[in-house]
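See below for the structure under consideration.
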Amino acid sequence: MHKTVELVDNNFSGISVLTSIASPQYGVRRLTPIECERLQGFPDNFTQIPYKGKDTDSCPVGPRYKALGNSIAVVVLTWIGKRIKGELERLRVVA
């Protein structure tokens, strides 16, 4: 038995794309590097870089997952930065 899973891609441009995929019942699907990049606020293929002298199309997914795992979400970093700035301003400390 397969169930259909619908993914909505919304890149804040006002355009949404609906993609349907079939997934085995109770199966767990690994997120793609692009999905991980979007979740962390990075542009699509942000981690797809030249690898070991090869072009970007030959970049394996392993190093991409590692780079994403070692990163911090843009929105989280922005939130933390704004709070630190607010506290420094409150304490009248020039950063």
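Some points to look at:
- Residue check for residue 71: within 18 Å of the chain's Cα centre (by Cα) and either in a helix (DSSP H, G or I) or modelled with pLDDT of 75 or more (or both): yes
- Subset of the range 1-58 (residues that are modelled with pLDDT under 65, over 23 Å from residue 79 (Cα atoms) and not hydrophobic (A, V, I, L, M, F, W, C)): 2, 3, 4, 6, 9, 14, 16, 19, 20, 23, 24
The values are calculated or read from the model by the stated rules, or taken from the named source; none is laboratory data. Every value quoted in this text rests on a predicted model; they were computed, and no experiment measured them.
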